[in-house]
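Just so it is clear, none of the values below were taken in a lab; they were calculated from the coordinates. Keep in mind that what you see is a predicted model, and the values were worked out from it rather than measured. Backbone-built Cβ (ideal geometry, glycine too); neighbour counts: all protein chains shown.
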Amino acid sequence: MSGSSGGNGITRSQALKSGVKFGIIGLILGFFLAAGFIVFKAIVEDKITNAGEITYLFGLRIFGDYKSLGKSNAIAGPKFAGTAGAGNSELRANAIDSMLYKLSYGDALPDKDKFYEVAAANIKTFVAAFKDEDIKEISLIGRIDPDALSNIARSVNTINGDETVKAAGDIITDAAAINAIRDVKYTLLAADRNTSKKNLSTQLQKLKGLKKQVAGILLFD
């Protein structure tokens, strides 16, 4: 008979509807399980995960947020091909990955060039907003790889066509970095996702003690 799958009385249409229903249920359950895991991980770990928690915990302005897409992340993969069944499965996996990325990293940019552009625009706008103070220099500090710090300063200054941002370094353990911010009023923090909240808090307390203002923070891999 047309539309029948055989003697069991279940039509192809009914089988398809059941498949779609269970697929949606699986997607929803997978989403909540993954969301629960992310929340649990955020509670037990001290590391910074996304920019939202930095704003919530420390009240800092986010001047840039970058998170690279690893090869294992499906949302960075090629467009799907193959059978319809395989395509639906891949699309469900992709949808879950997209939601997990959003939950984990919020509005983080997966494009490094755009990250630099956003950071540069925020810095330029900040300087313009305080034009009465005639800001000549903002010190970039952070307990991260010095090369990464220098690269951020260089990239932002190249986009803005000036030398406003100066890479200082680690103000906790580096005397040269402390001396570099001596006559500077405004600082810009840089932190990667290996930076602990305690570490960030220590830097903020140090800056407060030195009477330095934090313009914002850059978060990246």
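Treating r as the C-beta distance of Glu163 and Leu57 and R0 as 22 Å, the FRET efficiency rounds to 0.10. For Val214, Val165, Val156, the sequence from fewest to most other C-beta atoms within 10 Å is Val214, Val165, Val156.
At full extension, Gln205 and Asp134 could sit 23.0 nm farther apart than now, given 0.36 nm per residue minus the alpha carbon distance. Less than 5 angstrom separates the built amide H of Ser68 from those of Asp221, all sequence-distant by 5 or more or on a different chain. Here the relative contact order of the range 119-201, from alpha carbon pairs under 8 Å that lie six or more residues apart, stands at 35 percent. When you filter the trypsin sites (Lys or Arg not before Pro) in the range 104-170 for DSSP loop state and at most 15 other Cβ atoms inside 10 Å of their Cβ, you are left with Lys136. With 0.36 nm allotted per residue and the present C-alpha distance subtracted, the Lys185-Arg12 stretch has 55.2 nm of extension available. Within the set Lys112/Lys208; Lys124/Lys212; Lys67/Lys206; Lys166/Lys197; Lys114/Lys136, which residue pairs have Cα atoms separated by over 21 Å? Lys112/Lys208; Lys67/Lys206; Lys166/Lys197; Lys114/Lys136, as the Cα separations exceed 21 Å there.
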